[in-house]
Each structure stands twice: as C-alpha cells, then as structure tokens.
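Here the structure is laid out as structure tokens; the discussion comes afterwards.
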Amino acid sequence: MQEADQDHSLITCGEAAEILGYNEVYLRLLLRKGFIRAAQLGREWILFRADVLEYKENPPKRGRPREKREYAKQSSYWEMFGTVGIPLEPMRNTEE
C-alpha cells in the first residue's frame with residue numbers, strides 16, 4: 001500500500017536525478033523537451049515519482065526519430081488559446 005502512495009508523490013529535480021542516475025542539468029534538459037511530465041514552479045521543477053519510474057523502465061529509443069515526436073510538434077498561438085473573442089478580420093474604418 002505504501003508503494004502505491006509513493007508513486008503519486010511529488011519529488012524535486014534533484015531527487016529524480018538520483019533515481020535515474022542523471023546529472024540535474026541533463027534531467028532539466030529532458031524536462032524542457034517534454035520527455036518526462038513535470039511542472040516548473042519558479043526555478044524548481046516538480047515531478048511525479050510514478051512518471052520518473054516509468055521513464056526509467058521505458059526510456060526512449062536512441063537515434064533520430066523516423067517522424068516528429070508528439071512533444072516536438074509546434075502549434076500556433078491561435079490553436080493553443082483560440083480567438084478569445086478577438087475578431088480575426090482587420091478592423092475597418094466605418095466613419096466614412
């Protein structure tokens with residue numbers, strides 16, 4: 001029962017680096033690239049222990065990917081946030 005509770009606990013980047021056997025600088029690079037789910041609070045990264053253990057068990061394949069990975073796909077500002085009530089057409093001068 002305690003093992004299941006520990007898997008959903010939050011850990012810091014330093015603790016995750018110890019679990020994976022990586023340097024913290026390299027781990028932060030992996031976090032920025034989206035290999036491991038994490039959130040940045042100020043300067044500190046927060047991770048779920050379960051995500052770190054899953055990455056340790058199933059690391060990504062080495063080498064160049066055959067197609068773009070899901071995390072590498074870029075989306076535009078409008079796809080991410082929608083129009084939020086902003087008209088897409090340029091404003092016209094109606095005073096004439």
Candidate set from the range 42-60 (those that are within 13 Å of the chain's Cα centre (by Cα) and in a strand (DSSP E or B)); member that is surrounded by the most Cβ atoms within 10 Å (Cβ to Cβ): 47
Residues satisfying the stated conditions in the range 23-34, i.e. surrounded by 14 or more Cβ atoms within 10 Å (Cβ to Cβ) and touching a Lys or Arg at 6+ places or on another chain (Cβ under 9 Å): 31
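Every number in this text was worked out from the coordinates using simple rules, so none of it is lab data. What you see is a predicted model, and the numbers here were worked out from it, not measured in a lab. Because the Cβ atoms are built from the backbone with ideal geometry, glycine has one as well, and the counts that use them run over all protein chains shown.
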